[in-house]
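The values are calculated or read from the model by the stated rules, or taken from the named source; none is laboratory data. Quantities reported herein were computed from a predicted structural model and do not represent experimental measurements. Note that we place each Cβ from the backbone using ideal geometry, even for glycine, and neighbour counts take in every protein chain shown.
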Amino acid sequence: MALNRIWVYAEATDGKVTPLTLELLAKARTLGGTVEAVYAGADADAVAGALGAHGATTVHSTGDLDGSLPGVPVASAIAKAVADGSGPDLLMLGTTYDGRDIAARLSVAVDKPVITNNIDVELDGDAVVVTEPVFGGSKLVKTKFTAAGPHIALFRPKSFEASDAGGGAAAVASLEVTDAGSAKVTNSHVEEATGPKLDEANIVVSGGRGLGEASNYAMIETLAKLLKAAPGASRAIVDAGWVPYSYQVGQTGKVVKPTVYIAAGISGATQHLVGMKGSKNIIAINKDPEAPIFSVADLGIVGDVHKVLPKLIEALQAR
Amino acid sequence: MPAMHVVVCVKQIPDPAEPGKLEGDNTLDRSGKLILDESDSYGVEMALQLVDKAGGGEVTLVSMAPNSEMGGLRTALAMGAAKAILISDPALSGAGALDTAKVLAAAIKTAEPDLVLTATESSDGYTGTVPEQVAALLGLPSITFAKEVHIDGQTVNVQRQTEAGYDEVTCPMPAVVSVTAGVVEPRYPSFKGIMAAKSKPVDEKSVADLGLDAGQVGAAGAGQEIVAVEDAPAREAGEIIEDDGEAFGKIVSFLDGLKVI
């Protein structure tokens, strides 16, 4: 079961291919097979340039999904290619809302496992082995696909470095959808965020339950503004309704790898550590000297955020 | 509106506050006390509210756990679920997400619900694929990452989380919907609820009871094998200081040193 054909599920926002897609393409190129992309949208021609430059020779396009949630139709199209013998040996997808739906639907259609949350993939002879961090990233589990392909694997953002391979535009081929599914998107809402994006910011300032109450999150926003940083949050205060879900850093939220990550009043549950421990420099402020966040901190302040943050804000304002 | 029957998939997991451990065969150690996964409490609460709004019906729990564990189920029953189906079978050790979905789907089928609610992912395995796999196996539509759920006749309308905000998504029922944490405020079980939960029916089933072949749904059928578990490279220990009122200065000079301010 050699790895002849690798497909990467490509996603784009406003006609621009997502960084995660480009990261997956870069990794796929190192595995030795032909690299191709799968794309669901009306504008395959527009994304073929970027996908080609990053190593995809062909874009298999389902065309416009006409409002269908992508899970059912995209999985049906890939499953048909598999049945016809033109499908992938390995399908790589990003851990995104649609990526997980497609991988899950496809796994049932082809009756193959899907392995999620991976940060690496390698070949062991002909076998495909993926790596997944567990227990807050303290252990790495390597899992081998033992059945015949297609192997389906989901990867976390920022697991690989995107790199331009200098290729020309990918050829666009059409991929037939056999089941459009009955879940339809009737309207889309964009929640306007100010400042840099959480997963692209150079500095991230996150707050947690240690802030005490929702109104104290204003300190995080003030500090973030001063540092031109993106404000983030632990799952605890997102669940409590202090800030929207889009602020969440962690396993279920965004994965961030900024130059500086400041965790204020965050104890560092596994859920949170998974999403930020790849940051280059970590500053933690927490009352509890035993808090797990200190195990990953480059600078740890054992203290009360209500005392440290106002002074820090004042000092930065004075500069 | 006719009475509404909602199935909620719930997982009983090792307490996330305790450090996790792997067994010799690299499966998660589940030998300690298992509790209701907190992320499932939102689905239970949502189901109870939807049944209330429908003016009648009931909530059935479906769970898969080793050793006939039902501590977590009792918590959800105490919240107000009417009954539970528990699949407990030694053959399920090492089952992957797809196997788990096959087992859950077979059990859900026997309950014939109008709606199936799940969390978006469990707090121990967090594969996040089971809800959609269950839907695919049952041939049902599904909407994942719901932050609001409304029923309108035979249609379910959902606000689905997206990278940029949210989408309004609609599909016919029966359907599978996975709900995000924070979608509703889970109720605390009342004393009366806790007492009542003790006598609520829990229907225990084996893999064979569901008409599934044990060789297809445990580690043997998983199609994947853990080949190594390694320690991740540790971060170098940092400087930890006690705040003496001046610790903010340390942060400023740390940021200065990185030339980010």
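Of all the residues that make up the range A:277-319, how many are closer than 17 Å to B:ASP256 by Cα and of a type in the set (Lys, Arg)?
Residues meeting the conditions: 3.
Can you name the residue in the range B:140-177 that is at the interface with chain A (Cβ under 10 Å from one of its Cβ atoms) and assigned to a loop (DSSP other than H, G, I, E, B) and is also surrounded by the most Cβ atoms within 10 Å (Cβ to Cβ) among such residues?
Looking at the filtered set, the residue picked out is B:PRO141.
Within the range B:229-242, which residues are free of Cβ contacts under 8 Å to residues at least 40 places away in the same chain, at the interface with another protein chain (Cβ under 7 Å from one of its Cβ atoms) and closer than 30 Å to B:GLY94 by Cα? Steps first, please.
Keep residues of the range B:229-242 that are free of Cβ contacts under 8 Å to residues at least 40 places away in the same chain, which gives B:230-242.
Those left that are additionally at the interface with another protein chain (Cβ under 7 Å from one of its Cβ atoms): B:230-232, B:235, B:238-242.
Result: B:GLU230, B:ASP231, B:ALA232.
Every residue in the range A:1-34 that is buried (at least 18 other Cβ atoms within 10 Å of the Cβ), among the aliphatic types (A, V, I, L, M) and more than 18 Å from A:ALA103 (Cα to Cα), please.
Matches in the range A:1-34: A:LEU3, A:VAL17, A:LEU22, A:ALA26.
Among the residues of the range B:217-228, is there at least one that is at the interface with another protein chain (Cβ under 10 Å from one of its Cβ atoms) and charged (D, E, K, R)? Write out each step before concluding.
First, the residues of the range B:217-228 that are at the interface with another protein chain (Cβ under 10 Å from one of its Cβ atoms): B:221-228.
From what's left, charged (D, E, K, R): B:225.
Yes: one or more hits.
Hey, does the range A:218-238 have a residue that's within 10 Å of another protein chain (Cβ to nearest Cβ) and of a type in the set (S, T, N, Q)?
No, the range A:218-238 contains no residue that is within 10 Å of another protein chain (Cβ to nearest Cβ) and of a type in the set (S, T, N, Q).
Scan the range A:194-243 for residues that are under 23 Å from A:GLU314 (Cβ atoms), among the β-branched types (Val, Ile, Thr) and assigned to a helix (DSSP H, G or I) and report the count.
Residues flagged as under 23 Å from A:GLU314 (Cβ atoms), among the β-branched types (Val, Ile, Thr) and assigned to a helix (DSSP H, G or I) within the range A:194-243 amount to 2.
Among (1) out of contact with any Lys or Arg (no Cβ under 9 Å at 6 or more places or on another chain); (2) surrounded by fewer than 23 Cβ atoms within 10 Å (Cβ to Cβ), where does A:SER246 come up short?
Failed condition: (1).
Select from the range B:191-207 the residues that are more than 14 Å from B:MET64 (Cα to Cα) and small (Gly, Ala, Ser) and write down the one among them that is surrounded by the fewest Cβ atoms within 10 Å (Cβ to Cβ).
Within the range B:191-207, the subset more than 14 Å from B:MET64 (Cα to Cα) is B:191-201.
If we keep only those that are small (Gly, Ala, Ser) as well, we get B:193, B:196-197, B:199.
Values: B:GLY193: 17, B:ALA196: 14, B:ALA197: 21, B:SER199: 7.
Residue satisfying both the conditions and the ranking: B:SER199.
Out of the residues in the range B:94-133 that are acidic (Asp, Glu) and at pLDDT 90 or above, state the one that is surrounded by the fewest Cβ atoms within 10 Å (Cβ to Cβ). Step through it out loud before you land on a result.
Taking the range B:94-133 and keeping what is acidic (Asp, Glu), we get B:99, B:112, B:114, B:121, B:124, B:132.
Next cut, at pLDDT 90 or above only: B:99, B:112, B:114, B:132.
Values: B:ASP99: 25, B:GLU112: 10, B:ASP114: 20, B:GLU132: 31.
Top of the filtered list is B:GLU112.
Sort out which residues of the range B:115-139 are in a loop (DSSP other than H, G, I, E, B), closer than 26 Å to B:LEU34 by Cα and not charged (D, E, K, R), and write them in order of number. Walk me through how you get there before you give the answer.
Quick first cut of the range B:115-139, residues in a loop (DSSP other than H, G, I, E, B) only: B:120-129, B:139.
Okay, now just the ones that are also closer than 26 Å to B:LEU34 by Cα, so B:120-129.
Matches in the range B:115-139: B:THR120, B:SER122, B:SER123, B:GLY125, B:TYR126, B:THR127, B:GLY128, B:THR129.
Would you confirm whether any residue within the range A:132-151 is out of contact with any Phe, Trp or Tyr (no Cβ under 8 Å at 6 or more places or on another chain), among the β-branched types (Val, Ile, Thr), closer than 24 Å to A:ALA81 by Cα and touching a residue at least 24 places away in the same chain (Cβ under 8 Å)?
no
Listed residues A:LEU312, A:LEU316; which is in contact (Cβ under 8 Å) with a residue 60 or more places away in the chain, surrounded by fewer than 19 Cβ atoms within 10 Å (Cβ to Cβ), at the interface with chain B (Cβ under 10 Å from one of its Cβ atoms) and over 22 Å from B:VAL184 (Cα atoms)?
Details: A:LEU312 fails: surrounded by fewer than 19 Cβ atoms within 10 Å (Cβ to Cβ).
After ruling out the rest, the residue left standing is A:LEU316.
Hey, among A:ASP89, A:ASP111, A:ASP124, which residue is without any contact (Cβ under 8 Å) to a residue 40 or more places away in the chain, surrounded by fewer than 23 Cβ atoms within 10 Å (Cβ to Cβ) and in contact with a strand residue (DSSP E or B) (Cβ under 8 Å, 6 or more places away or on another chain)?
Numbers: A:ASP89 fails: without any contact (Cβ under 8 Å) to a residue 40 or more places away in the chain; A:ASP111 fails: in contact with a strand residue (DSSP E or B) (Cβ under 8 Å, 6 or more places away or on another chain).
Unique residue meeting the criteria: A:ASP124.
The conditions are (1) surrounded by 24 or more Cβ atoms within 10 Å (Cβ to Cβ); (2) over 30 Å from A:ASN118 (Cα atoms), and A:ALA284 fails exactly one of them. Which is it?
Single failed check for A:ALA284: (2).
If we keep just the residues of the range A:35-57 that are touching a residue at least 40 places away in the same chain (Cβ under 8 Å) and in a helix (DSSP H, G or I), which is surrounded by the fewest Cβ atoms within 10 Å (Cβ to Cβ)?
Once the filter is applied, the top-ranked residue is A:ASP45.
Only one of A:ALA40, A:ALA77, A:ALA12, A:ALA48 is over 15 Å from A:PHE160 (Cβ atoms), away from chain B (no Cβ under 14 Å) and within 20 Å of the chain's Cα centre (by Cα). Can you tell me which?
On the way: A:ALA77 fails: within 20 Å of the chain's Cα centre (by Cα); A:ALA12 fails: away from chain B (no Cβ under 14 Å); A:ALA48 fails: within 20 Å of the chain's Cα centre (by Cα).
A:ALA40 is the lone residue from the list that is over 15 Å from A:PHE160 (Cβ atoms), away from chain B (no Cβ under 14 Å) and within 20 Å of the chain's Cα centre (by Cα).
Filter the range A:261-307 for residues that are hydrophobic (A, V, I, L, M, F, W, C), touching a residue at least 24 places away in the same chain (Cβ under 8 Å) and not in a loop (DSSP other than H, G, I, E, B) and give the result. Reasoning before the result, please.
Looking only at the range A:261-307, we keep the residues that are hydrophobic (A, V, I, L, M, F, W, C), and these are A:262-264, A:266, A:269, A:273-274, A:276, A:282-285, A:291, A:293-294, A:296-297, A:299, A:301-302, A:305.
Now drop any that are not touching a residue at least 24 places away in the same chain (Cβ under 8 Å), which leaves A:262-264, A:266, A:269, A:273-274, A:276, A:285, A:291, A:293-294, A:296-297, A:305.
Residues satisfying the conditions are A:ILE262, A:ALA263, A:ALA264, A:LEU273, A:VAL274, A:MET276, A:ILE285, A:ILE293, A:PHE294, A:VAL305.
Considering only residues of the range A:148-158 that are surrounded by 15 or more Cβ atoms within 10 Å (Cβ to Cβ) and over 16 Å from A:ALA10 (Cβ atoms), which is farthest from the other protein chains (Cβ to nearest Cβ)?
The residue in question is A:LYS158.
(1) of a type outside the set (A, V, I, L, M, F, W, C); (2) closer than 30 Å to A:LYS277 by Cβ; (3) modelled with pLDDT under 95: which one isn't true of A:ASP126, the others all being true?
(2)
Can you tell me which residue within the range A:165-191, out of those that are away from chain B (no Cβ under 11 Å) and exposed (fewer than 12 other Cβ atoms within 10 Å of the Cβ), is nearest to the chain's Cα centre (by Cα)?
Only one residue tops the list, namely A:GLY166.
Tell me yes or no: at least one residue of the range B:192-209 is in contact with a strand residue (DSSP E or B) (Cβ under 8 Å, 6 or more places away or on another chain) and within 12 Å of another protein chain (Cβ to nearest Cβ).
So far as the range B:192-209 goes, no, none of its residues is in contact with a strand residue (DSSP E or B) (Cβ under 8 Å, 6 or more places away or on another chain) and within 12 Å of another protein chain (Cβ to nearest Cβ).
If we scan the range B:43-58, do we find a residue that is crowded, with 23+ Cβ neighbours inside 10 Å and assigned to a loop (DSSP other than H, G, I, E, B)?
No.
Condition first: within 26 Å of A:THR131 (Cα to Cα) and in contact with a Gly (Cβ under 6 Å, 6 or more places away or on another chain). Now tell me which residues in the range A:27-54 satisfy that.
Matches in the range A:27-54: A:ARG29, A:VAL35.
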